[in-house]
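The values are calculated or read from the model by the stated rules, or taken from the named source; none is laboratory data. If you're wondering where the values come from, they're calculated on a predicted model, not measured in any experiment. Counting neighbours? That spans all protein chains shown, and the Cβs are built from the backbone with ideal geometry, glycine included.
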Amino acid sequence: MADHELDSLEKRLDFIESLVFGNSEKDAFYPRDKKNAPVECIDKLANIQEKIATATKNKKRISEIYRKSRDVHKFLDPAYTDEMTMSEEAKEEVILAEEEFLRNQAKNLETMEELKPTLDSEHLKATPKFTDKFEGLSQIQITQQDQTANLTEEARKMLTTYNNIITLVSRQFVQWDEMLTSMEAKKLQTKD
């Protein structure tokens, strides 16, 4: 039984070491004892445990603090506080009151599961590769938007100028028509 637990603990330590050290040489970072042999982590932890146990052996207050710290940890657990404060009927009422919300969340989760292949698609995974291209294209788009805004402003100015000219020409034609009409009316009066 103890061998199995030690093997399990060794596997966990190997996993943690791989996370900490990555591909680097872990033996370069381990402390060495006087004989230049690597210090085993389990031995070091057992030694620390033994020293703590020896230091706190006859100290009633420290053992009380250890016991109370376990109680505090238990009391801080949300599941324990829910168990203490809510009866089974109250829990059922909470669940029933939140039924619509829970159904919506379940539906959203199902939708996410359905869309997971899309999110895991090669197109989305390749997106970071095209970030530089997207940035270049966005700069081009911004430049083209600025150019379009300038062209729009120029076209607006031209249309305003054109409308002003046409208005002036129209007024001139109206004046000429009035002058011509009055001249024709005078000529007809002189003939009569």
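Return the residues of region 49-101 that are at pLDDT 80 or above and among the β-branched types (Val, Ile, Thr); say none if nothing qualifies.
Those that are at pLDDT 80 or above and among the β-branched types (Val, Ile, Thr): 52, 54, 65, 72, 94, 95.
Restricting attention to region 125-172, which residues are of a type in the set (Phe, Trp, Tyr) and at pLDDT 95 or above?
Initially, region 125-172 is screened for residues of a type in the set (Phe, Trp, Tyr), giving 130, 134, 162.
Answer for region 125-172, where residues must be of a type in the set (Phe, Trp, Tyr) and at pLDDT 95 or above: just 162.
Report, ordered by the first and then the second residue, all pairs with beta carbons closer than 7 Å, sequence separation of six or more or different chains, a first member in region 151-167 that is assigned to a helix (DSSP H, G or I), and a second member that is at pLDDT 95 or above.
Between residues of region 151-167 that are assigned to a helix (DSSP H, G or I) and residues that are at pLDDT 95 or above, there is no close pair.
Is there any pair linking a residue in region 56-77 that is outside any helix (DSSP H, G or I) to one that is among the small types (Gly, Ala, Ser) and surrounded by 10 or more Cβ atoms within 10 Å (Cβ to Cβ), with Cβ under 7 Å and at least six apart or on different chains, and which?
56/63
With respect to residue 143, determine if the residue is hydroxyl-bearing (Ser, Thr, Tyr), loosely packed, with under 10 Cβ neighbours inside 10 Å and out of contact with any helix residue (DSSP H, G or I) (no Cβ under 7 Å at 6 or more places or on another chain).
Considered against the rule, which asks whether it is hydroxyl-bearing (Ser, Thr, Tyr), loosely packed, with under 10 Cβ neighbours inside 10 Å and out of contact with any helix residue (DSSP H, G or I) (no Cβ under 7 Å at 6 or more places or on another chain), residue 143 comes out as no.
If I go through region 111-128 residue by residue, how many of them are of a type outside the set (Val, Ile, Thr) and touching a helix residue (DSSP H, G or I) at 6+ places or on another chain (Cβ under 9 Å)? Break it down stepwise before answering.
Looking only at region 111-128, we keep the residues that are of a type outside the set (Val, Ile, Thr), and these are 112-117, 119-126, 128.
Okay, now just the ones that are also touching a helix residue (DSSP H, G or I) at 6+ places or on another chain (Cβ under 9 Å), so 112, 119, 124.
The qualifying residues number 3.
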